[in-house]
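Here the structure comes first, spelled out in structure tokens, and everything after it is commentary.
Bear in mind that the values in this text are calculations on the coordinates, not laboratory data. Only a predicted model underlies this, so the values are computations on that prediction, with no experimental measurement involved. Here the Cβ is made from the backbone with ideal geometry for all residues, glycine too, and neighbour counts use every protein chain on show.
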Amino acid sequence: MFGILGGLLLAWLLWLLGFAGVIVDGIHELFGLNISMAGYYVLFGLIGLITNLIAMITSRNRGV
């Protein structure tokens, strides 16, 4: 339910733990995309936004 801020917080925590480079390298190996750290944070922000939107849509369908 945190949306963009939750995604950015997760990205920051992963960066603190040293996983940011692993994720950037993994994206390069899987998709052939070279992203910067700015792209890394934008990616996590978008993931947070999308998961929040999906949660809102599914909660409306349940009548909550």
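Overview of values
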{"quantity": "Separation in nanometres of the label points that stand 7 Å from Cα toward Cβ, at ARG62 and ILE27", "calculated": "3.1"}
{"quantity": "Choice from LEU16, LEU30, LEU53 showing the highest fluctuation, given a GNM over the chain with Cα pairs closer than 10 Å", "calculated": "LEU30"}
